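Student: Handing you a structure now.
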Amino acid sequence: MTNANQQAVALYSNDFLREVEERVEEGEWVKMCMQCGVCAGSCPLGNAWQHTPQKLFMMIRAGKREEVLTSDSMWMCTSCYNCIVRCPRKLPITHIMHGLANYAHRLNLAPKGQPTREVARLFWNSLAKTGRVNELKFSLAMYFKDGIVQGIKNAMAMQSIGLALVMTKRLNPMELFGGHKCKDPGSLHKMIAKAREIEDRKKGFTS
Amino acid sequence: MAEMKTAAYICSGCELGNRLDVAQLSKIAQKEGKMALVREHAFLCNEEGVQMIRDDIEKEAVTHICIAACSRRSKTEAFHFPTVAISRANLREGVIWGIAEGEQHDEVRQEMAGDYVRMGCAEVKKMTLPLGNPNHAHNKRLLVVGGGMSGMTSALEAAEAGYDIVIVEKEAQLGGWAAKLWKRVPFKQPFAEPQDTGLAELAGKVSSHPRISVYLSSTIAETSGAPGRFSVQVKGAAGITTEEVGGIVQATGFTTYDINKLPELGGGKSANVIDQAGMEALARTANGAAIKRADGKEVKSVVFVQCAGQRDESGTHLPYCSGHCCATSVKQAMYFKDANPQVDTVVMYTDLRLPGMGEDFYRSAQQKGVIFTKGKVSTVAASGDGCEVKFRDLILDEDTALNADLVVLATGQVPTAGVNLEAWNPIVTAAEGGSAEAKQQRVEMQKTSVLNLNYRQGPDMPQLKNGFNDSHFICFPYETRRTGIYAAGPVRRPMDMLQATEDATGAALKAIQTVENASLGRAAHPRSGDLSYPIVRLEGCTQCKRCTVECPFGAIDEDERRFPQFNESRCRRCGTCMGACPVRVISFENYSVDTVGNQIKSIDMPDEFSEKPRILILACENDAYPALDMAGLQHHVYSAFVRAIPVRCMGSVNTIWITDALNSGYDGVMTMGCKHGDNYQCHFVKGSELANYRLSKIEDNLKQMGLEKERVISHEVAITDSARVAELINDYVAKIQEIGMSPMKGFN
Ligand code: SF4
Ligand code: SF4
Ligand code: SF4
């Protein structure tokens, strides 16, 4: 994966803006930002971010590749869409945030253990395997992502809710063994592989 | 002239009859006003009422009428009797609408109405019917100084409207600044690409227009005269030609701020730091191909530094924004991107200002990949083969730097406005006092003049701010203080080409208005159409020169005997000269020291023990008097102890009115004029400022008379101040009641 990063660096030398335009979802919009700061002021989580969307866009233009891609800022986006609604330049900001996060993830530059990143990874892995999200396994994986001890503590804390869910037939304990799946997971895997191949081609990933 | 025959008409419509004792007012008009005819009417402004007046004028040979009804600002069309002198007693807005209702106020209300009738009668008897400036002239040709975009547009617009035009251009060809451009900022849909300047076509139309004649490589050696009869000496290669014109448009444009004054930005230090004009030259040389620097190297990276030497708060450079430069840099960045999209183009700005449809243009540049960085440049210095631009990134909040092959500084517009009269006048005074040095300075200064006016007040138009030619920014942006001469384009204020062409059209229309008015012997704006004009009784003149100096419009010259010489067509009828004259020899037929003075003296002055003070209000007719009318209309109730007289401009207030009023027993005098100073709103630009100065001296007079200084008070009043005027009046009446009645009552 770091390999992918080295390739990208070699390919775009120091033109980070072009890299973003070509390889990040909706990245071609970054140049259109007029730095009004409306997104930064609109984001309900704005003050929790190290760099607001406005700043991220400026950093991209200023070629601050390392700082942008290793930042956890874009991982903070909750997809509330406030910014998209308000941006006078109609930038799909939310999608760009996700695009940047995804790109940083693919290059393996995204911060390790970043909670959003971990949730997303577990969710995707569960989904991509069977075509269905296995809620029980997903929840357990979440509980235990920070180790056995923490996992047991988490499970204990959620015990009563878990039991209530079982009682009301919202949670099937049998899901722990295999679990339900879509009709043909094999074809789903092929589709996903194909989609990734197309994306890689479009975005110029060689691996 | 026919014998004076007076008549008063008292209206009882609009509730006047219910709130006032009209019969008593008629008696006042008859007995005290000495009106030969007095008539009442229940609805004076209707057809029948108007016909009654008309019949009296025709059959009874009435020459002077006083209409006691609504404000002089109302029903002007109904009460339009151009063959007689008219005064208006304001009983509606000024009395029944503004004064408290109810029986307990009947007495003071009636007294107020009675005084307004007395005043109207007193005024009209001192008036004569204005007959129009006898020295008017009919030349309607226009001179356009400057053959650039603004000048050519002005010329063409006026020519198309049927006027003959002379253009004088100092360069050997038409085009001015626009001729130096590769392309212009777009002014048509979709506002996305730089556009052809269209100059060749415009110049072609101008050169071939049957109504336009053009002098190239020529300047103006002298301008004399007045609207309708300017005489202009055009100096060209072939010598001097005299052109007679009626009006002038000055469209002399601008030069760029000298880049050498910006060494910290590399100006004059590095060949790779140029201004926007230099950039246009490079683009013209490239002619659409890759742009090269002066040394022949193809430019691969360029930084545009906005606001270079502009919006400067330190007092070193231009304090203002030139308005066009952001769009110009956007356009120039596109020159690079259009020739080669690989060129790195950065526009470095603190605020990007793209008025009009500039937003679309900005977006288009972003689409093309121009990078916009919000940053404040500290230095530009030669580095390697190019330049290093050091700046503070205002978004990322850090000091950083960029390297570029070429740096373009967006310097501003410096107007070509001619001599600064504020610097000129002291030099002239010194030169006339015999100083050899000042004489030399005067000669040097005169060389920079554009118009070379032979006016007593100096050779060019006054400058308003930062060296730009005149403009009444707030109310009448095209107006200048030299009647019949209009500034158009960037000589008036910083602007882009599109604004300049609109401006030029406006100025052409203004010039047309003046020549038309002048040819009829009427005033130009803002008393457009006024037939009165200043008349001076030279026998009494002491040659103090106050009128010559104070006339805001430079209308007064000096004759060989050093007497003031009025150029009526240049006069705007503000009356400032009348207010200035210490011996009171200047007057208008329908507005004079006497028409106002007589009103002041005509009122029925209660005695000292009546507890009914009388306060005179001198209110500017442009703003304060309408505000008073509005106060009435909106029922902002004010004291019935005031008596308001409209004046043409505060500048026309002669201090004799104030001292006369106080001498005859008024307890206080309020003046209400327009705002003066930097953001002045005075319709006559300097009138209220001069009045303010004169009034600042009134305290001495008060002291001599043994009166408190609070007996005279001045306020700046805007037309929107209707509620405020009522408050001002009521506060002042309370104040006067506190000080006590004037001790001067009963001495006359
Ligand atoms: S709201 Fe849009 S234009 Fe404004 S700073 Fe954010 S992304 Fe840029
Ligand atoms: S969509 Fe994301 S970036 Fe936009 S305002 Fe919401 S949380 Fe902030
Ligand atoms: S001061 Fe006013 S009224 Fe007098 S000459 Fe000048 S413009 Fe005319």
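Student: Testing the spin-label approximation: label points 7 Å from Cα along Cα→Cβ at A:Lys153 and B:Ala161. State their distance in nm.
Tutor: Result for the modelled spin labels: 8.5 nm.
Student: Distance in nm between label sites at A:Lys190 and B:Lys188, each 7 Å beyond Cα in the beta-carbon direction?
Tutor: So the label points at A:Lys190 and B:Lys188 sit 5.8 nm apart.
Student: Over the Cα atoms of chain B, Rg to Rh with Kirkwood Rh, two decimal places?
Tutor: 1.06
Student: Can you pull out the GluC sites (Glu not before Pro) in the range B:595-635 that DSSP calls coil and that have at most 14 other Cβ atoms within 10 Å?
Tutor: B:Glu611
Student: Tell me the trypsin sites (Lys or Arg not before Pro) within the range A:139-207 that lie in a loop according to DSSP and have at most 11 other beta-carbon atoms within 10 Å.
Tutor: In loop regions of the range A:139-207 (DSSP not H, G, I, E or B), the sparsely surrounded trypsin sites (Lys or Arg not before Pro) are A:Lys169, A:Arg170, A:Lys183.
Student: In whole Hz, what ³J(HN,Hα) sequence does the range B:565-571 give by Karplus (6.51, -1.76, 1.60; θ = phi - 60°), x for Gly and Pro?
Tutor: 10, 7, 9, 4, 6, 8, 7
Student: Once you measure Cβ to Cβ distances between cysteines in chain A, which Cys have no partner under 4.7 Å?
Tutor: Taking the Cβ cut-off of 4.7 Å, the unpaired cysteines of chain A are A:Cys33, A:Cys36, A:Cys43, A:Cys77, A:Cys80, A:Cys87, A:Cys182.
Student: Follow-up. If you take the beta carbon distance between B:Gln634 and B:Gln195 as r and set R0 to 45 Å, what does 1/(1 + (r/R0)^6) give as a FRET efficiency, to the nearest 0.05?
Tutor: About 0.35, to the nearest 0.05.
Student: For the range B:358-429 and the range A:35-97, what is the separation of their Cα centres, given in Å?
Tutor: 28
Student: What number, in percent, do you get for the relative contact order of the range B:381-457 if the mean sequence gap of Cα pairs under 8 Å and at least 6 apart is divided by its residue count?
Tutor: Relative contact order of the range B:381-457: 21 percent.
Student: Right, next: If you place +1 on the Cβ of every Lys and Arg and -1 on the Cβ of every Asp and Glu, how big does the dipole about the Cα centre of the range B:535-586 come out, in debye to the nearest 20?
Tutor: 200
Student: Sorted by packing (mean other beta-carbon atoms within 10 Å per residue), highest first, where do B:522-528, B:408-414, A:81-87 land?
Tutor: Result, highest mean Cβ count within 10 Å first: B:408-414, B:522-528, A:81-87.
Student: To the nearest 10 degrees, how steeply does helix B:421-432 sit against the main Cα axis of chain B, on a 0 to 90 scale?
Tutor: Computed tilt is about 80 degrees.
Student: Let me ask something additional. Compute the distance in nm between two label points, each set 7 Å from the Cα along the Cα-to-Cβ direction, one at B:Ser610 and one at B:Ser213.
Tutor: Here the modelled spin labels are 6.9 nm apart.
Student: List residues of the range B:273-297, by number, whose backbone nitrogen lies under 17 Å from a label position 7 Å along Cα→C-beta of B:Glu171.
Tutor: Of the residues in the range B:273-297, B:275-285 have backbone N under 17 Å from the label point off B:Glu171.
Student: Using the beta-carbon distance between B:Val549 and B:His80 and R0 = 22 Å, what value does 1/(1 + (r/R0)^6) give for FRET efficiency, to the nearest 0.05?
Tutor: My answer for the efficiency is 0.05.
Student: Also, quick follow-up: Provide the FRET efficiency to the nearest 0.05 for the B:Thr316-B:Ser231 pair, computing r from the beta carbons and using R0 = 45 Å.
Tutor: Rounded to the nearest 0.05, the efficiency is 0.60.
Student: Find, to one decimal place in angstroms, the Kirkwood hydrodynamic radius of the range A:101-207, where the mean of 1/r is taken over every pair of different Cα atoms and then inverted.
Tutor: Hydrodynamic radius (Kirkwood, Cα pairs) of the range A:101-207 is 16.1 Å.
Student: Using a 1.4 angstrom probe with every protein chain in place, what is the largest-first accessible-area order of B:Glu437, A:Glu197, B:Glu560?
Tutor: Highest to lowest solvent-accessible surface, that is B:Glu560, B:Glu437, A:Glu197.
Student: Continuing with the same structure: Mind grabbing the interface size between A and B? I mean buried accessible area, both sides, 1.4 Å probe, in Å² to the nearest hundred.
Tutor: Result for this pair: about 1200 Å² buried.
Student: As an exercise, take the mean of 1/r over every pair of distinct alpha carbons in the range B:232-318, invert it, and state the Kirkwood radius in angstroms.
Tutor: Across the range B:232-318, the inverse of the average 1/r is 16.7 Å.
Student: Might you tell me the accessible area per residue for the protein assembly as shown, computed with a 1.4 Å probe and given in Å²?
Tutor: For the protein assembly as shown, the per-residue accessible area is 44 Å².
Student: Can you count the Lys pairs in the range A:115-197 whose Cα atoms are under 20 Å apart, with each pair 8 or more apart or on different chains?
Tutor: For the range A:115-197, qualifying lysine pairs total 15.
Student: For chain B, find the longest principal axis of its Cα atoms and tell me its angle to the long axis of helix B:199-208, 0 to 90°, nearest 10.
Tutor: For helix B:199-208, the angle is close to 60 degrees.
Student: Equivalent ellipsoid semi-axes for the protein assembly as shown, as square roots of 5 times the alpha carbon gyration tensor eigenvalues: give them largest first, rounded to whole Å.
Tutor: Value: 72, 41, 24 Å, ordered largest first.
Student: Let me ask another. To check my understanding: the extent here is largest minus smallest coordinate of the Cα atoms along each principal axis. What are those three numbers for the range B:675-730, in Å, largest first?
Tutor: 36, 28, 14
Student: Now for a different question. In debye, nearest 20, what is the charge dipole magnitude of the protein assembly as shown about its Cα centre with +1 on Lys and Arg Cβ and -1 on Asp and Glu Cβ, if you could check?
Tutor: Roughly 3160 debye for the protein assembly as shown.
Student: With only alpha-carbon atoms in the gyration tensor, what are the semi-axes of the equivalent ellipsoid for chain A, in Å, largest first?
Tutor: 35, 22, 16
Student: If all Cα-Cα distances of the range B:605-748 are sorted into 5 Å bins from 0 onward, what percent lands in each bin, rounded to whole numbers?
Tutor: 2, 11, 21, 22, 20, 15, 7, 2, 0, 0
Student: Specify the angular offset, from 0 to 90 degrees and rounded to the nearest 10, of the alpha carbon long axis of helix B:22-31 from the longest principal axis of the alpha carbons in chain B.
Tutor: 80
Student: Across the range B:160-176, in residue order, what do the Karplus-derived ³J(HN,Hα) couplings come to in whole Hz, using 6.51 cos²θ - 1.76 cosθ + 1.60 with θ = phi - 60° and x for Gly and Pro?
Tutor: Per residue, the Karplus-derived 3J(HN,Hα) values read 5, 7, x, 10, 7, 10, 10, 9, 10, 10, 7, 7, 7, 9, 6, x, x Hz.
Student: Do any trypsin sites (Lys or Arg not before Pro) in the range B:266-353 lie in a loop, going by DSSP, with at most 14 other beta-carbon atoms within 10 Å of their beta carbon, and if so which?
Tutor: Answer in residue order: B:Lys297.
Student: Okay, moving on. Quick one: net charge of B:Lys180's neighbours, Cβ under 9 Å, K/R +1, D/E -1?
Tutor: So the environment of B:Lys180 carries a net charge of 0.
Student: Something else: What area, in nm² and to one decimal, does the C-alpha convex hull of the range B:1-159 cast on average over all directions?
Tutor: 14.0
Student: Using only alpha carbon pairs under 8 Å that are at least six residues apart, calculate the relative contact order of the range B:597-748 and give it in whole percent.
Tutor: Normalised by residue count, the contact order of the range B:597-748 is 35 percent.
Student: If one computes the Cα centroid of the range B:100-160 and of the range B:318-349, what distance in Å separates the two points?
Tutor: 49
Student: Using a cut-off of 22 Å between alpha-carbon atoms, which lysines can reach B:Lys745, once sequence neighbours fewer than 8 places away in the same chain are excluded?
Tutor: Partners within reach: B:Lys601, B:Lys612, B:Lys703, B:Lys709, B:Lys735.
Student: Could you work out the relative contact order of chain B, using alpha carbon pairs under 8 angstrom and six or more residues apart, expressed as a whole percent?
Tutor: This gives 13 percent for chain B.
Student: Suppose we compare each residue of the range A:15-49 in its chain alone and in the full protein complex with a 1.4 Å probe; which ones drop by at least 10 Å² of accessible area?
Tutor: With the partner chains in place, the range A:15-49 has these residues losing at least 10 Å²: A:Leu17, A:Lys31, A:Met32, A:Met34, A:Gln35.
Student: What 222 nm value per residue comes from the helices of chain B, counting each DSSP H run with n ≥ 4 as -39,500 (n - 2.57) and dividing by all residues, nearest 500 deg cm²/dmol?
Tutor: -9000 deg cm²/dmol
Student: When the accessible area of the range B:601-712 is split by element with a 1.4 Å probe, what percent falls to carbon and sulfur?
Tutor: 45
Student: Whole angstrom only: what separates the Cα centroid of the range B:282-311 from the Cα centroid of the range A:102-133?
Tutor: That distance is 48 Å.
Student: Oh, and also: If amide H atoms are built 1.01 Å from N in the plane of the peptide, which residues on other chains or at least 5 residues away come under 5 Å of the amide H of B:Val647?
Tutor: Residues meeting the amide H criterion: B:Ala619, B:Cys620, B:Glu621.
Student: Under a Cβ-only charge scheme (Lys and Arg +1, Asp and Glu -1), can you give me the dipole magnitude of the range B:1-129 about the Cα centre, in debye to the nearest 20?
Tutor: 460
Student: Still on this structure: Provide the percentage of antiparallel DSSP beta bridges, counting only those with both residues in the protein assembly as shown; round to the nearest 5.
Tutor: 40
The values are calculated or read from the model by the stated rules, or taken from the named source; none is laboratory data. The model shown is predicted, which means the values in this text are computed figures rather than measured ones. All Cβ positions, even for glycine, are placed from backbone atoms using ideal geometry, and neighbour counts span all protein chains on display. Heads up: the accessible areas ignore ligands, DNA and RNA and are worked out on the full protein's heavy atoms, side chains in. Shrake-Rupley method; radii C 1.70, N 1.55, O 1.52, S 1.80 Å.
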